[in-house]
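K.L.:
Have a look at this one before I ask anything.
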Amino acid sequence: SQTFDPNKLQIICTYTPLQALLAYFWASQTGMLAAVVSPRGLAKLIEGLAVETIGQLWVPKGHRLPLEHLPMSVCRIDLSFDDVADAPIPTAAAHAARLVFCTSGTTGKAKRVVHSEQVLLSNAKVVSDYLHLQASDRSYCVFPLQYMYGLSTTLCSLWSDSHIMYNEFVQPDHIAKDVGNHHITLLPRLGEWSPALGQNWQARGYQPQRL
């Protein structure tokens with residue numbers, strides 16, 4: 001079976017929320033130093049990154065390569081519930097996973113930050129407790145799981161054993177409609193659409209801290 005160097009950055013390119021979740025699961029199970037990215041986010045991640053620090057780029061089978069000219073070797077992987085248990089393993093003893101994220105770059109040049117999985121899980125517990133999340137709650141996530149905000153929302157849902165619904169960003173009134181149709185009880189908000197959405201949310205009588 002395939003193996004990888006746990007001391008080098010393994011980049012996993014994912015195309016769907018499910019693939020991203022399975023990629024994080026794989027990283028956690030193997031103690032990987034990993035970056036889970038979207039095809040659009042790959043160039044930003046590897047910009048200025050020393051080639052010798054990169055292990056492989058892992059791309060799900062059935063998808064095109066995200067870039068034509070890549071500075072690292074490419075490996076194909078099955079990212080599905082049936083096959084992730086048979087995914088490649090590290091060549092040395094595994095440590096706790098470390099996950100690399102790129103900042104958005106909206107306030108300057110995008111930067112890479114590293115977080116251990118223990119810190120991410122601890123933060124999820126703190127937020128879940130603060131929001132009093134329960135199994136009956138339903139979260140609505142429009143942020144990609146390849147970024148910290150999307151992953152954090154997902155970890156909160158997993159920690160509380162609650163439900164989560166994913167969608168792409170759309171107009172605020174469309175999101176508000178989904179909130180009503182799917183009985184959403186928790187909606188992280190971000191950006192200039194927050195005020196308009198907040199008015200609709202509060203008009204429905206939901207608690208402000210759950211927006």
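The values are calculated or read from the model by the stated rules, or taken from the named source; none is laboratory data. No experiment lies behind these values; they were computed from the predicted model shown. We place every Cβ from the backbone using ideal geometry, glycine too, and count neighbours over all the protein chains shown. Each accessible area value is taken on the protein alone, full model and side chains, heavy atoms only, with ligands, DNA and RNA left out. Shrake-Rupley method; radii C 1.70, N 1.55, O 1.52, S 1.80 Å.
K.L.:
Would you mind computing, in nm to one decimal, how far apart the modelled labels at Leu67 and Arg40 are, each placed 7 Å from Cα along Cα→Cβ?
P.N.:
Those two pseudo-labels are separated by 1.7 nm.
K.L.:
To make sure I understand the rule: partners must be lysines, Cα under 26 Å from the Cα of Lys109, and not fewer than 8 residues away in the same chain. Which ones qualify?
P.N.:
Lys8, Lys44
K.L.:
For the stretch 1-52, what does the accessible surface come to per residue with a 1.4 Å probe? Please give it in Å².
P.N.:
42
K.L.:
If you take the beta carbon distance between Leu49 and Asp129 as r and set R0 to 30 Å, what does 1/(1 + (r/R0)^6) give as a FRET efficiency, to the nearest 0.05?
P.N.:
The value I calculate is 0.25.
K.L.:
Which net charge results when you count Lys and Arg as +1 and Asp and Glu as -1 among the other residues whose beta-carbon is under 14 Å from that of Tyr15?
P.N.:
Taking every other residue near Tyr15 into account, the sum is +2.
K.L.:
Pulled fully out, how much extra length does the chain show between Lys8 and Tyr149, if you take 0.36 nm times their separation in residues and subtract their Cα-Cα distance?
P.N.:
48.3 nm
K.L.:
Rounded to whole Å, give me the distance from the Cα center of the stretch 1-15 to that of the stretch 43-82.
P.N.:
Centre-to-centre (Cα) distance: 8 Å.
K.L.:
Separation between the Ala110 and Tyr15 pseudo-spin-labels, each 7 Å from Cα along Cα→Cβ, expressed in nm?
P.N.:
2.0
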